[in-house]
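Notes for the one structure printed next.
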Amino acid sequence: MCGVIGIYGDKEVTPALWLGLIGLQHRGQDTAGIVTYEDGRFYLKKGKGTVQNFFTSKDLKRLIGDVGIAQVRYPTIGGGDPEDAQPFYTNSPFGIAMAHNGNVVNYQELKKWLLHERRRHINTSNDVEVILNLFASELGRVRQSSLLQDKVNTIFEAVEKVMEKVNGSYSCVCFIAGEGLLAFRDPHGIKPLKFGWEGKNFCFASESVALDTLGYSEMRDVKPGEAIFIDINKKVSSKIIKKAAPRHCIFEYIYFARPDSIMDDVWVYESRFKLGEELAKKVKARRIKIDVVIPIPDTARTTALSLAQALGVPYREGLIKNRYIGRTFIMPREGRKIVQHKLNPVRCEIEGKRVLLVDDSIVRGSTSRAILSLVRKAGAKAVYFASSSAPLKYPCFYGIDMQTRQDFVAIDKSVSEIQKEIGADALIYQSIEGMLRSVNPDKSYCTACFNGDYPTRISPEEIKQIEEDRMS
Ligand code: SF4
């Protein structure tokens, strides 16, 4: 999962890029990067760390220019090495810098194709390098062969070639030296991308929350398959390059995005609230007696709140998260100990009570088991568990680090077997229909990690290859 931002402003953009990245930090904490451009030169700083830890004030002063792009990353393809940090740039045949959020499914095939057909060597395992080189190569060819003098149309033509070849999800921001800022989103619009403007300042960002932070009052979504280009005179051009049925990622609404974001016309907060109401119907059907509803912080809070309201049961913050403990090499590897370091129970809210814990999902089950045991040890009389999403069964190939089929506890177990495995007195899962009703019943979404219905073509060979890459 990643967060991207691109700004074309009327003054130095680095302070705004940095602030925007802070607003997107929840989308990735492994690497961060900013590239800016001024007077024929790119200024780049990228590497491992969070936005606040990684950039020094000296770095931020060095990154000059009124245009730039930036990214925070949690690795999918690529192991999260410093050289895999985004943005990337190329200088042939044009100076182009690019960052994206998503994942290229046919990465290996395109990497070989670029080497053999276009003599372009891919030097890292980051898939944006493939998109960047493909785009640069196509732009060069279109410019050579085209009778069109119009730069914008040649850029859109190159984006069209990219969309024809790249299979997967990609919300890209890119700067072409001396020409302007470009953004485009894959034809299904799997990953979000927002466009904001304020006078002569233009901004693309993964989530509206980054635009809010920067004071953009005008905004809209980049549509699925759309490219938007802002030239050096700040003229905005846009075009739907390739049309396909929209299939936005439903898990953005359940887990990834910030609740104060709106994406593709749906508020994340509202979706999570409705998820709780949907879950309440399922909990009521089980006829279990509950004294208190407790969210597993942070994502499940809104859902737990509405679930408690619908059940007429108190909502309590019975687990407190240590927000200062990140991922660190001194952390123990055992799930139970990680949970103990991150979460602490509020005994007075738990002791002697029948507790319903609410979480966004269950992946391997080990974290859920550790939390349940923590709550039991804190004196709960009974511990039930509700998941705001349906059982996760299939890997995501579009940019989320849900690795392989073997990662999912639900892949070969029934609900009652999972309940036993995690040690719950009852386990209640959301249904896929309930998820869709909560987000927007009138639209179709990507629900592939729940039902294997992938929006783009993925062959069994590609699945095998991706799983092998992820395990290596
Ligand atoms: S597979 Fe799941 S996580 Fe991945 S894009 Fe689809 S809904 Fe989102």
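Here are the numbers for the structure shown:
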| item | result |
| --- | --- |
| Neighbour-count order for Asp291, Asp359, fewest beta carbons within 10 angstrom listed first | Asp291, Asp359 |
| Relative contact order (percent, whole number), the stretch 266-454, Cα cutoff 8 Å, 6+ residue spacing | 23 percent |
| Ratio Rg/Rh [Cα only; Rh per Kirkwood] for the stretch 215-335 | 1.12 |
| Check: the stretch 375-472 dipole with +1 on Lys, Arg Cβ and -1 on Asp, Glu Cβ, in debye | 500 debye |
| The chain: angle of helix 460-471 to the longest principal axis, Cα-based, in degrees nearest 10 | 80 degrees |
| Net lengthening on full extension, Lys234/Lys200 (0.36 nm per residue, minus Cα-Cα) | 11.6 nm |
| Computed lengthening from Ile325 to Gln340, 0.36 nm per intervening residue step minus Cα-Cα distance | 4.3 nm |
| For the stretch 2-247, size of Cβ-based charge dipole, Lys and Arg +1, Asp and Glu -1, in debye | 280 debye |
| Cβ-defined net charge surrounding Thr299, 10 Å radius [Lys, Arg +1; Asp, Glu -1] | 0 |
| Sequence ranges 188-196, 365-373, 346-354, ranked by mean other-Cβ count within 10 angstrom, highest first | 188-196, 365-373, 346-354 |
| Burial ordering of Ser125, Ser57, fewest other beta-carbon atoms within 10 Å first | Ser57, Ser125 |
| Rounded FRET efficiency, nearest 0.05, which uses the C-beta distance separating Glu317 from Ile22 and R0 of 30 Å | 0.75 |
| Förster radius 22 Å - calculated FRET efficiency between Lys112 and Lys464 (Cβ-Cβ, nearest 0.05) | 0.85 |
| Computed lengthening from Val363 to Glu38, 0.36 nm per intervening residue step minus Cα-Cα distance | 112.5 nm |
| Residues Thr303, Thr31, Thr90, Thr154, sorted so that the one with the fewest Cβ neighbours within 10 Å comes first | Thr90, Thr154, Thr31, Thr303 |
| Nearest-ten-degree value, helix 366-377 long axis tilted from longest Cα axis of the chain | 40 degrees |
| The stretch 357-390-the stretch 214-238 distance, computed between alpha-carbon centres (Å) | 43 Å |
| Ranked by how many other beta carbons lie within 10 Å on average, peptides 308-318, 167-177 from highest | 167-177, 308-318 |
| Sorted peptide list for 268-279, 97-108, criterion being average Cβ within 10 angstrom, highest first | 97-108, 268-279 |
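Read the figures in this text as sums done on the coordinates, not as results from a lab. Everything numeric here is computed off the predicted structure, so don't read it as measured data. Note that each Cβ is placed from the backbone with ideal geometry, even for glycine, and that neighbours are counted across all protein chains shown.
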